[in-house]
Amino acid sequence: MVYFIPNWRPYTLQLGYNIIISQLAIFQDNNEDCTLITNSFLPMLTYQLNEFGLLNTPYWQALDEIQDVHIKIGKPLAIEDLPLSSDLERVYSPRGVQFLKDDQLYAKANYFAGKVLSTIEYYQDNQLTAIDYFDSRGFLSRRGTYDNGVPYQTQLYNPLSEVVLTINHTQNDQVQIAEPFQKRFAHSHYSKLTDLISEVSQNHFNQVKTDPEIKIINNPTEDSLALTHELQRKCQVCSFLTDANLIKRPFLAQLSAKNSAILVPNQLFAAKIKRIWHEKAHPLNVKIVSPYAAHLNLGISNSMEQQVIFWKVNQMPERTIRRLTQKLLQVVIEGKDKALAFGANHEAIHEVLKQEVITGIENHFDVSLSSTDFKWVHKYLRLKKGHQLTPKLRKRAKEKEQQTNWDQLVDASETLDRIKIYSNNEPSFYQQSIHEARVLVDLDRLPSPYLQVSAISAGIPQINVVKTNYVDYDKNGIIIKNDLHLIKAVNYFLDHLDHWNQSLVADISKIEMFSSEKIVTEINSIFKEMRRN
């Protein structure tokens, strides 16, 4: 049996990048026995699992154990199930419902994923007094109360609405177990909730330990590190480490047990760990394993009107972003069969890109994108493309075509339409972008494993500044020594079909290397190696 310990946020479905979601799906696809073990507050767990086709996954939740919850599937509560006065005025919005009393905010109901009641906030004199948190299985899970807008205490309930414990936020989050439930735990007081969670989690593993092969896969954070350290004493633990910011000696020290392995996505992470950890007497067991599986899902770049360069823009000096944007913009200006899409998650980067695109187009075509003439031509061309021209517009266009800068206005407009700047960070956005792209550009010093595997699955080449196990130089991608070589690398694939086809063939070979079957085999081999040692 393989146990997976997630590190999910309680109210999100954006888990497409999540390592545990990925690994859980990989192991289930290969008919491995899996159980999910959660040690954090996940009141919408069933919906999160359902989003990724994992609803039938067996799971055990530490907080269910603490709160004496034995329901696996239940019906979510509705507003009508709550004791709210019928004379309250209701104001509906896409995110929930506001309840007004004498024109003052009395309560606010919030929905998870736009359909499941998740919380209700209570107010007095426009100040927050309490928040009720509901479990998707149909009961009040916890209630947080506030004093002058400051957290005062949090109470956890069982499905019968009985208080199981109270967290006192005025006393460093100390935990007091309610008297009727004290005999279920080792103590009646705990310095913090994580201590109690660690206790029940270890007890659970002691109960299920019918053989010496309890195998755990997790993606530890600072919050779950103590539990990971404890589990390593009795279980075999593989910890995926994909956040470079966590590669520090104190963190690594907690993952140094003999019965454990640190799984990293590429040799860059492995090298960074090696530079930091010098304990020869206690070497770390570091293995390179892809957190994501590749699968054949070829893109549609061959059928796109233009060859799209997709650049995932990460944090880098602003002057570098400006310089590279101008160089890539020139590629698009000179080739009407080329387009450029930016993926920029930071508002500041988005603004820099926007400024550079506008400036570059204006300078090249000697037009102003804010001028009345440009706006008219831009709108006209879009209507023409959509076959929405009226006789009046056609007549007006014939008159405007006599302007001396008509051709420049048209070229500038068409160029602008071939450039997109996105701020979306959702997995679905990146999947669609990679599916349409002709080439992926990721110039980060630690390129995204998610994007690299996605590019392999789509069969497109990628351009990076560092070597990883996902890219073979001059086959399914190019490693440039510095960004000055970017345009040459882009044109290598866009202007030479044979080079692009060679990349496709290399990607198909890589798909087998990073298949779900291969990943499961690698991880099981690591567990076997632990047993031998």
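Every number here is computed from the coordinates shown, using simple stated rules; none is lab data. Since we're looking at a predicted model, the values are computed, not measured. Here Cβ is always computed from backbone atoms with ideal geometry, including for glycine, and neighbour counts include all displayed protein chains.
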Item to check | Inter-site label distance for Asp243 and Ile73 at 7 Å from Cα along Cβ, in nm | outcome: 3.4
Next on the checklist: On C-alpha positions alone, give me the angle between the axis of helix 19-29 and the longest principal axis of the chain, in degrees, nearest 10.
Outcome noted: 80
Next on the checklist: Give me the dipole magnitude in Debye, nearest 20, for the stretch 196-260 about the Cα centre, with unit charges on the beta carbon: positive for Lys and Arg, negative for Asp and Glu.
Outcome noted: 260
Checklist entry - Quick one: Ile421, Ile309, fewest Cβ neighbours within 10 Å first, how do they rank? => result Ile421, Ile309
Checklist entry - So for the chain, taking the charge dipole from beta-carbon charges (+1 Lys/Arg, -1 Asp/Glu), which of Leu353, Thr242, His282 sits furthest toward the positive end? => result Leu353
Checklist entry - Quick one: which of Lys379/Lys400; Lys354/Lys385; Lys354/Lys375 span more than 19 angstrom between C-alpha atoms? => result Lys354/Lys385
Checklist entry - Taking square-rooted eigenvalues a ≥ b ≥ c of the alpha carbon gyration tensor, is the stretch 301-513 rounded, prolate or oblate, where a/c under 1.5 means rounded and, failing that, a/b exceeding b/c means prolate? => result prolate
Next on the checklist: Give me the dipole magnitude in Debye, nearest 20, for the chain about the Cα centre, with unit charges on the beta carbon: positive for Lys and Arg, negative for Asp and Glu.
Outcome noted: 1280
Checklist entry - Of the labelled options (1) 1.04; (2) 1.01; (3) 1.21, which one gives Rg/Rh (Cα atoms, Kirkwood Rh) as computed for this structure? => result (1)
Checklist entry - Going highest first, how would you order 196-203, 162-169, 234-241 by mean Cβ packing within 10 Å? => result 234-241, 196-203, 162-169
Next on the checklist: Taking every pair of distinct Cα atoms and averaging 1/r, then inverting, what Kirkwood hydrodynamic radius in Å comes out for the stretch 79-191?
Outcome noted: 15.5
Checklist outcome for this item: Rounded to the nearest 10, the angle in degrees between the Cα long axis of helix 193-208 and the longest principal axis of the Cα atoms of the chain comes to 80
Item to check | Sum of side-chain charges, Gln61 neighbourhood, beta-carbon under 13 Å (Lys, Arg +1; Asp, Glu -1) | outcome: -2
Item to check | Helix-only CD estimate at 222 nm, as mean residue ellipticity for the chain, using -39500 (n - 2.57) per DSSP H run (n ≥ 4) | outcome: -11500 deg cm²/dmol
Item to check | Residue (of Gln432, Pro76, Ser260) at the positive-pole extreme of the chain, dipole from beta-carbon charges | outcome: Gln432
Next on the checklist: With a cut-off of 8 Å between alpha carbons and a minimum separation of six or more residues, what is the relative contact order of the chain in percent?
Outcome noted: 12
Checklist entry - In the structure shown, do any of Lys338/Lys510; Lys336/Lys395; Lys467/Lys510 have a Cα-Cα gap over 23 Å, and if so which? => result Lys338/Lys510; Lys336/Lys395
